[in-house]
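Just below is one structure, and these are the notes that go with it.
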Amino acid sequence: MLTRPILVAYASRHHGTEEMATEIAAALREAGFSVDLRAAAEVSTTEPYGAVVVGSAVYLTEWERPALELIQRERDVLAGRRVWLFSSGPVGDGRATRHPESVPQPAVVDRLADEIGVRGRAMFGGRVDPRQDSFAMEIMAQAGLAGDWRDLPRVRGWALEIASALRADAPLSRQDRDDRPGMEEGLHAKIGHLAGRPAGRRAAHRHGCGRARRS
């Protein structure tokens, strides 16, 4: 088991990416890990953490500044940590939201990810909620982009893949090695149970193009 906590940090204007980060943190906790869920702007250092997950909404093909600045500022520490990155981007009914994994990450995020040597990166759909008090959200809703394309079950499944990777990486004590067959059987059963749980709201009103990005 990872002895230090996992940091799950996020940058989110309208709470959509925050809810995704909350889903990730919950899945990791239920898999047995200690998790610190924080807004990226509130993270002063990543030094205390054994693994780090950072996510951001994508606006005009760019990450939110607090998440990007966290990665840039902490790049030396993060190079020695197990790191995963995720983005919340495409909205509207189209190929980008049906297959968000095909949507490229922002160029600067990919560059930093390569520099740090991250373990994985993921792109998920975004959300446009016309109830949010935001001019941008109102304009996008009027353009027919209102809806939720985040696919929280897929987000949870990605978090459980992180849990499995961390379990596989963890050094084992002698007692752990003796108990490993039972531990692995229990972990696989637990992850299978968690992955099958329903989570979050699925897409609401879906039409328009799939290229705009918000959450």
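Residues of region 120-146 being in a loop (DSSP other than H, G, I, E, B), farther than 22 Å from Glu19 by Cα and either aliphatic (A, V, I, L, M) or modelled with pLDDT of 80 or more (or both), which ones?
Result: Ala143, single match.
Report, ordered by the first and then the second residue, all pairs with beta carbons closer than 7 Å, sequence separation of six or more or different chains, a first member in region 144-168 that is in contact (Cβ under 8 Å) with a residue 12 or more places away in the chain, and a second member that is part of a helix (DSSP H, G or I) and β-branched (Val, Ile, Thr).
Every condition considered, the pairs that remain are Trp149/Thr97; Val155/Ile24; Ala159/Ile24; Leu160/Ile191; Ala163/Ile191; Ser164/Ile191.
Identify the single condition in (1) within 30 Å of Gly147 (Cα to Cα); (2) surrounded by fewer than 14 Cβ atoms within 10 Å (Cβ to Cβ); (3) at pLDDT 95 or above that Val52 does not satisfy, given that it satisfies every other one.
The number of the failed condition is (2).
Among the residues of region 89-112, count how many are among the polar types (S, T, N, Q) and either at pLDDT 95 or above or out of contact with any Phe, Trp or Tyr (no Cβ under 7 Å at 6 or more places or on another chain) (or both).
Residues flagged as among the polar types (S, T, N, Q) and either at pLDDT 95 or above or out of contact with any Phe, Trp or Tyr (no Cβ under 7 Å at 6 or more places or on another chain) (or both) within region 89-112 amount to 2.
Would you mind finding the one in Gly89, Gly94 that is under 24 Å from Leu152 (Cβ atoms), touching a strand residue (DSSP E or B) at 6+ places or on another chain (Cβ under 7 Å) and small (Gly, Ala, Ser)?
Unique residue meeting the criteria: Gly89.
Could you grab me the full set of residues in region 62-100 that are assigned to a loop (DSSP other than H, G, I, E, B), under 20 Å from His15 (Cα atoms) and over 16 Å from the mean Cα position of the chain (by Cα)?
Selection gives Val91, Gly92.
The values are calculated or read from the model by the stated rules, or taken from the named source; none is laboratory data. Values in this document were obtained by computation on a predicted structure and should not be read as measured data. Quick reminder, even Gly has a Cβ in these numbers, built from the backbone with ideal geometry, and neighbours come from all protein chains shown.
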